[in-house]
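The numbers here are math on the coordinates, done by the rules we state, and not lab data. Bear in mind the structure is a predicted one, so any value in this text is a computation, not a measurement. Glycine also receives a Cβ, built like all others from the backbone with ideal geometry; neighbour counts cover every protein chain displayed.
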């Protein structure tokens, strides 16, 4: 129970019982003392670290944060170039389409005029011989 | 007493949320503050986990870079150090696994650190008594002992960090403690 008290904790009434038991039991008191010594020893380790390490790490981190910025700017610049280049191309295509459509329309109008005019003139051509009679 | 505990947990929660917000923004000022606050604990954790002093700086540096890269993954619901340690843990284990695949010829060229880092880190007689035993202890036991007695993490937090059930974590701490206790007893 002395070990469990250290590892996961025990209920307050169990802790009270443990206290009174350890006061009377030399074996458990020694066990508890050894466990406490181990925990104290574990907490006494202190590692030396290079004071410049933090700066090296921060430099690496800063480089990582700055890295995506040029990529973003490149992407933005590419988008702007694309838009600027696309506008005249779009206008050219649109004008060409319009010209083509106009030409087709003119052709259609002309062909209709030539087809429609003779038909419209048909009664005239038919009534002429009667009139002449 | 309960009021005090509540205040501590509330401020802890706010702190974690503040860190999460800063990491989402990749705030370098916050990262500087975190490095200054947690760097020693990170190094100590990696040292206890692997006992490889020669690799620890590289792992620590890569851990912070990953903290920046994956900052969005930290939601501020757990303590920052558990998230930090879990990144460091995965990184160190992956690296050690990769190193095991190098040929013997390559491994021979690697500098060997023959002195246990625990011997040089023992600052008093009690630590010195444990140093050699600690070096011989399995890494999972050392890790569990550090997280429980140095970092004061709960069994649940340790379980979450190491990805093992709570009874397994408790068993690791119990076994590690017992092995060190027996060594302690024989040394005295």
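Among B:80, B:118, rank each residue by its count of other Cβ atoms within 10 Å, from fewest to most, as a rough exposure measure.
Values: B:80 20, B:118 24.
The fewest-first ordering by Cβ neighbours comes to B:80, B:118.
Length gained on full extension, residue B:69 to residue B:185: 37.1 nm, using 0.36 nm per residue less the C-alpha separation. The angle between the Cα long axis of helix A:26-43 and the main principal axis of chain A comes to about 40°, on a 0 to 90 degree scale. As a calculated quantity, the FRET efficiency between residue A:114 and residue A:91 at R0 = 35 Å, using C-beta atoms, amounts to about 0.50.
When the chain is fully extended, how far beyond the present Cα-Cα distance does residue A:101 get from residue A:121, taking 0.36 nm per residue of separation? It would help to have the intermediate numbers written out before the result.
On the way: separation 20, 0.36 × 20 = 7.20 nm, distance 2.96 nm.
Result: 4.2 nm gained on full extension.
For a label point 7 Å from the Cα of residue B:14 along Cα→C-beta, name the residues of segment B:34-51 whose backbone N is under 15 Å from it. Of the residues in segment B:34-51, none has backbone N under 15 Å from the label point off residue B:14.
Calculate the mean, over all residues of peptide B:53-65, of how many other protein chain Cβ atoms lie within 10 angstrom of the residue's Cβ.
On the way: counts 2, 0, 0, 3, 5, 0, 0, 5, 7, 2, 1, 6, 6.
Taking all residues of B:53-65 together, the mean is 3.
To the nearest ten degrees, helix A:53-66 and the longest principal axis of the Cα atoms of chain A are 20 degrees apart. Partner shielding of A:53-59 amounts to 6, given as the average count of beta-carbon atoms from other chains within 10 Å of each residue beta-carbon. Summarising the label geometry, the points placed 7 Å from Cα in the beta-carbon direction at residue B:93 and residue A:10 lie 3.3 nm from one another.
Going by the alpha-carbon gyration tensor, a ≥ b ≥ c the square roots of its eigenvalues, is chain A rounded (a/c under 1.5) or, if a/c is not under 1.5, prolate (a/b greater than b/c) versus oblate?
Details: a/c = 16.57, a/b = 3.69, b/c = 4.49.
In terms of gyration-tensor shape, oblate.
How do the peptides B:161-174, B:48-61, A:11-24, A:42-55 rank, highest first, by the average count of neighbouring beta carbon atoms within 10 Å per residue?
Details: B:161-174: 17.4, B:48-61: 19.6, A:11-24: 11.5, A:42-55: 14.7.
Per-residue mean Cβ counts within 10 Å order the peptides as B:48-61, B:161-174, A:42-55, A:11-24.
Once a ≥ b ≥ c are taken as the square roots of the eigenvalues of the Cα gyration tensor of segment A:1-44, is the result rounded (a/c under 1.5), prolate (a/b larger than b/c) or oblate (a/b not larger than b/c)?
Details: a/c = 2.91, a/b = 1.33, b/c = 2.19.
Oblate shape, in that a/c is at least 1.5 and b/c is the bigger or equal ratio.
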